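The values are calculated or read from the model by the stated rules, or taken from the named source; none is laboratory data. This is a predicted model, so every value here is computed, not measured. Reconstructed Cβ throughout: ideal geometry from the backbone, glycine too, with neighbour counts over all protein chains shown.
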Amino acid sequence: MKRTRVLLAAALLSVASPGLAQSDPQDLTSLLETGRNLLETQGIGLEIPIDLTQTQKWLKDLQDRLGGEYVLDLSHLRPAAEAAIPWLESSEETQPYAWWLKTRLDYFRAADELQRLTPGPVPVPRKPESKSAPAPTARPKPTPEQQRQVWSKVVALEPWPEEAGKYVSQLKPVFTSEKVPSELVWIAEVESSFQPGARSPAGAAGLFQLMPGTAKQEGLRLWPLDQRYDPQKSARASAKYLRALHTEFKDWSLALAAYNAGDGQVRTLMKRHGVRSYDRLAPHLPAETQLYVPKVEAVLRRREGKALAELRTPS
């Protein structure tokens, strides 16, 4: 039985390696299916212990890939991410990561759709002095408009989050009191599917996935009790941070990009590339942020019937 568990754990954890992550998704699925069959043969199902250190390493690797620049690379990660969910849910220690990962499965689905819409690599004109070298190629990136179209389709298939009914009505007044459009409470669907206990491998936590530094900056305590897990306090801190970002960037798309990627990174990228609009900035943002902003807008359209540009600041 010990050997069977080791085999299945190896099958699961090995998908985090760079080589396998770039291989055919069918190969990844086959690998995991082998481990699943071994367990079923032994009659012990899928309930196996997970080594927390290895799991955190696997998740951190996955989050690092979300931070890459090329969105289409994420489509390779979908089989591994989907297969990991049952293992993460099987342990109280890893359940917070399961909530985080389940919320991000849509990113991999959207990357699949974008892969179909985006043409393959195209030749890049070579310099005269390098005619003997192989012709370089460029990998086209999905445009912001393509991403909006895909997210509109993906979100249209999403049911109302189970926990939303509990939190939306009670947290909207918190946003309004902080002079932030109440509709932005739906960021919690994109960040955590309204699961207060969600936690990311990077340390973001709560309904609105606040990082420790941002939480402390907005007045939350992390000890002895982490106030990021308190829905009301998390909502207020999130609203205050969003208000500050919108005050700086004067645009909700840019503010959301800064919320996800960090205001410092957005500021730096805007200066480096000499751009002032979200659509011009988007190709230079981390992959997750490129997906995050149009997903938030698609969720707002689906849940509230409003676009980001239509949001009004409460008086």
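Worth pointing out:
- Matching entry among 248, 297 (being at pLDDT 95 or above, under 19 Å from the mean Cα position of the chain (by Cα) and in the same structural domain as residue 177 (by TED's automatic domain parsing)): 297
- Scanning region 55-88 for residues that are buried (at least 16 other Cβ atoms within 10 Å of the Cβ), more than 27 Å from residue 265 (Cα to Cα) and without any contact (Cβ under 8 Å) to a residue 60 or more places away in the chain yields 55, 82, 88.
- Tally of residues being in contact with a Ser or Thr (Cβ under 9 Å, 6 or more places away or on another chain) and not hydrophobic (A, V, I, L, M, F, W, C) across region 269-303: 8
- Filtered residues of region 147-163 (kept if part of a helix (DSSP H, G or I) and touching a residue at least 40 places away in the same chain (Cβ under 8 Å)): 147, 148, 150, 151, 152, 153, 154, 155, 156
- Filter result for the condition that a residue is in contact (Cβ under 8 Å) with a residue 40 or more places away in the chain, over 26 Å from residue 111 (Cα atoms), part of a helix (DSSP H, G or I) and not hydroxyl-bearing (Ser, Thr, Tyr), over 174, 185: 174
- Residue in region 173-187 that is at pLDDT 90 or above, farther than 20 Å from residue 234 by Cα and surrounded by 13 or more Cβ atoms within 10 Å (Cβ to Cβ) present: no
- Answer residue from region 86-141, given it is at pLDDT 90 or above and not in a helix (DSSP H, G or I) and is nearest to residue 68 (Cα to Cα) among those: 94
- Some residue of region 269-286 being part of a loop (DSSP other than H, G, I, E, B), assigned by TED's automatic domain parsing to the domain that holds residue 175 and surrounded by 18 or more Cβ atoms within 10 Å (Cβ to Cβ): yes
- Taken over region 269-315, residues that are out of contact with any Leu (no Cβ under 6 Å at 6 or more places or on another chain), of a type in the set (Ser, Thr, Tyr) and over 21 Å from residue 202 (Cα atoms) amount to 3.
- In this structure, residue 5 does not satisfy being closer than 24 Å to residue 154 by Cα and either in a helix (DSSP H, G or I) or modelled with pLDDT under 50 (or both).
- Test: residue in region 39-51 that is closer than 28 Å to residue 206 by Cα, modelled with pLDDT of 50 or more and either part of a helix (DSSP H, G or I) or outside the structural domain of residue 199 (by TED's automatic domain parsing) (or both): yes
- Meets criteria (in a helix (DSSP H, G or I) and surrounded by fewer than 21 Cβ atoms within 10 Å (Cβ to Cβ)) for residue 297: no
- Residues of region 200-255 that turn out to be assigned to a helix (DSSP H, G or I) and over 30 Å from residue 275 (Cα atoms), as a count: 10
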